[in-house]
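The values are calculated or read from the model by the stated rules, or taken from the named source; none is laboratory data. As the structure is a prediction and not an experimental result, all values here were calculated from the model. Cβ placement follows ideal geometry from the backbone for every residue including glycine, while neighbour counts extend to all protein chains displayed. These area figures cover heavy atoms from the full protein model, side chains too; ligands, DNA and RNA do not enter into them. Shrake-Rupley method; radii C 1.70, N 1.55, O 1.52, S 1.80 Å.
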Amino acid sequence: MLIVAGTLHVDPEDREDYLAGSAGVVEAARAAPGCLDFAISADLVEPGRINVYERWDTEEELLAFRGSGPIEEQAVAIRGAEVHRYLISSVEAP
């Protein structure tokens, strides 16, 4: 299992437009083979921060979905990013 998680930073006044433009990506990801969860959401404290969380069965399924990345309008809005991929070897229920 893979988890992709981190943050994107945009100008605070652009965040709502960025998130609205991401709805189609979230829907497509959640329908993609191997996607266990996919969320892009506004941070509750920092007005320009967007939280990213993805969970995938395999790297192959992640890469098949990933394609070329964000559309140009979204890529231009991103002022900074810190997103990492984590390979999970086991999962335990709480």
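Below, the figures for the structure above:
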item: Filter result for ARG85 (in contact with a His (Cβ under 6 Å, 6 or more places away or on another chain), open to solvent by 40 Å² or more (accessible area, probe 1.4 Å) and in contact (Cβ under 8 Å) with a residue 40 or more places away in the chain); result: no
item: Given (1) open to solvent by less than 60 Å² (accessible area, probe 1.4 Å); (2) touching a strand residue (DSSP E or B) at 6+ places or on another chain (Cβ under 9 Å); (3) in a helix (DSSP H, G or I), number of the condition GLY21 does not satisfy; result: (2)
item: Number of the exception - GLY34 against (1) open to solvent by 90 Å² or more (accessible area, probe 1.4 Å); (2) touching a helix residue (DSSP H, G or I) at 6+ places or on another chain (Cβ under 9 Å); result: (1)
item: Selection count where residues are part of a loop (DSSP other than H, G, I, E, B) and either out of contact with any strand residue (DSSP E or B) (no Cβ under 6 Å at 6 or more places or on another chain) or in contact (Cβ under 8 Å) with a residue 40 or more places away in the chain (or both), scope segment 33-50; result: 5
item: Residues of segment 16-34 that turn out to be charged (D, E, K, R) and farther than 25 Å from TYR86 by Cβ, as a count; result: 2
item: So ALA77, is it aliphatic (A, V, I, L, M) and modelled with pLDDT of 95 or more; result: no
item: Selected residue (criterion: nearest to GLU13 (Cα to Cα)) from residues of segment 61-74 that are open to solvent by 60 Å² or more (accessible area, probe 1.4 Å) and at pLDDT below 70; result: GLU73
